[in-house]
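For reference, the structure discussed in these notes is given below.
The values are calculated or read from the model by the stated rules, or taken from the named source; none is laboratory data. Computed from a predicted structure; not experimentally measured. Don't worry about glycine lacking a Cβ; one is built from the backbone with ideal geometry, like all the others, and counts go over all protein chains shown.
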Amino acid sequence: MTIVDVHTHMLSNEWMALLRTNGAPLYEVHPVANGRECIFRGDAPVTVPTPGHFDYELRIRDMDAAGVDVAVVSLTCPNVFWGGREVSCAAAQLVNDDMAAAQRDHPDRIRWFASLPWEYADDAIAELHRAHAAGAVGVMVLANIAGRSLIDPAFVQIWNAIDELELPVLVHPTDPPGVDELDMRRYDLTWSVGFMFDTTLAIGRMILDGFFDRHARLKVIASHGGAALPYLVGRFDKGFHVSTLEDRVIERPPSEYLRHIYYDCITYDPRALEYCIDVVGASQVLFGSDYPHIVGDMAGMRANVDRLPEASARQVRHLNAERIFRL
């Protein structure tokens, strides 16, 4: 039985050092409970680094224990969208080089998503081609880029370049604009609600803007089971059919676009995974674990996938990933 994990993260010590010295005033690292450190944006927690974020040998052992064969690793938030042009470019190069080295060291187990300095289009495109030449099989982007929408005209050339290379793109949430105003800092609502809002808003906006008509070949993966997107399918379609807005762009119901993009299986509740598959089809769902975040769970995600009918489970475990990543 083969399992390909497409939503799983790595950091690097060099990236972490660069964030410590250049992340402020946007991002800072502070201790939290149980002796852990956490990356914060203001008072909002963003990422809690763990030993597994830095140790590929530990990762391989944990993959073996969970029965995961291949990991397509990516940087997590806050990615490289901090510190200005020079720092952002350096951060992308550091983490991409680290992941490329890990793939060379573990050619049967590791693949990787490139991180790009999206705020600087020429640099992002140059890094895209450099990373692709070094072995990147996809691109990772946050659902908002320093508060800017993924359909911002400043990013069009980058999307075109990714489209030309036919690379899958993992859209991963981060703290959405308005975290402070919506009081998400308390009770870790930034993670449980804010992240889901970030992905839902980003992909929903892309659908309604006609992004997927302009980029019909692009394979976008919506993190965490698509967040609220599957649950909102009826509301999106109802809005489409009754809308009298003059700025409507798309000619097909949003549900058709939801069946065009991809999703990971990170829903934690197997009923949510079953519903996602019912809405979008088993051909659109990929295995993910969110390892090694403190909420990551390779074994738990596998258990949820194993509950599916075997034909669907095979697609989620590895067949879909092998197809879109050409593994």
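Observations on the structure shown:
- Residue within segment 153-166 that is of a type outside the set (Gly, Ala, Ser) and within 19 Å of Gly225 (Cα to Cα) present: no
- Members of segment 203-252 found to be out of contact with any strand residue (DSSP E or B) (no Cβ under 6 Å at 6 or more places or on another chain) and closer than 12 Å to His172 by Cα, listed by number: His224, Ala227
- First in segment 128-145 and under 17 Å from Thr200 (Cβ atoms) and in contact (Cβ under 8 Å) with a residue 12 or more places away in the chain, second anywhere and in a helix (DSSP H, G or I) and β-branched (Val, Ile, Thr), Cβ under 8 Å, 6 or more apart: Ala143/Thr199; Ala143/Ile203
- Against the list (1) part of a loop (DSSP other than H, G, I, E, B); (2) among the hydroxyl-bearing types (Ser, Thr, Tyr); (3) more than 18 Å from Met298 (Cα to Cα), the condition Thr2 fails is (3).
- Yes/no for Ile151 being within 15 Å of His215 (Cα to Cα) and either crowded, with 21+ Cβ neighbours inside 10 Å or among the polar types (S, T, N, Q) (or both): no
- Scanning segment 244-273 for residues that are within 30 Å of Pro45 (Cα to Cα) and not hydrophobic (A, V, I, L, M, F, W, C), we see that the one that is surrounded by the most Cβ atoms within 10 Å (Cβ to Cβ) is Tyr263.
- Among the residues making up segment 108-147, a single one is modelled with pLDDT of 95 or more, surrounded by fewer than 16 Cβ atoms within 10 Å (Cβ to Cβ) and not in a helix (DSSP H, G or I): Asp108.
- Hey, Asp247 closer than 21 Å to Ile207 by Cα, among the charged types (D, E, K, R) and touching a Ser or Thr at 6+ places or on another chain (Cβ under 6 Å) or not: no
- Pairing each residue of segment 278-298 that is without any contact (Cβ under 8 Å) to a residue 24 or more places away in the chain with any residue that is not small (Gly, Ala, Ser), provided the two are 6+ apart or on different chains, yields C-beta distances under 7 Å for Gly281/Arg259.
- Asp62 meets all of the listed conditions (1) under 28 Å from Asp198 (Cα atoms); (2) surrounded by 14 or more Cβ atoms within 10 Å (Cβ to Cβ); (3) in contact with a Pro (Cβ under 9 Å, 6 or more places away or on another chain) but one, namely (1).
- Test: residue in segment 276-295 that is part of a helix (DSSP H, G or I), closer than 22 Å to Thr200 by Cβ, at pLDDT 95 or above and in contact with a Gly (Cβ under 7 Å, 6 or more places away or on another chain): yes
- Single residue of segment 68-95 satisfying the filter (among the β-branched types (Val, Ile, Thr) and part of a strand (DSSP E or B)) that is farthest from Met16 (Cα to Cα): Val70
- Subset of segment 301-327 [in a helix (DSSP H, G or I) and surrounded by fewer than 16 Cβ atoms within 10 Å (Cβ to Cβ)]: Ala303, Asp306, Glu310, Ala311, Glu322, Arg323
- Residue in segment 179-187 that is surrounded by fewer than 18 Cβ atoms within 10 Å (Cβ to Cβ), touching a helix residue (DSSP H, G or I) at 6+ places or on another chain (Cβ under 8 Å) and at pLDDT 95 or above present: no
- Cβ-Cβ under 8 Å pairs, at least 6 apart or on other chains, segment 310-327 side closer than 11 Å to Ser283 by Cα and free of Cβ contacts under 8 Å to residues at least 24 places away in the same chain, far side among the acidic types (Asp, Glu) and part of a helix (DSSP H, G or I): Ala313/Asp306
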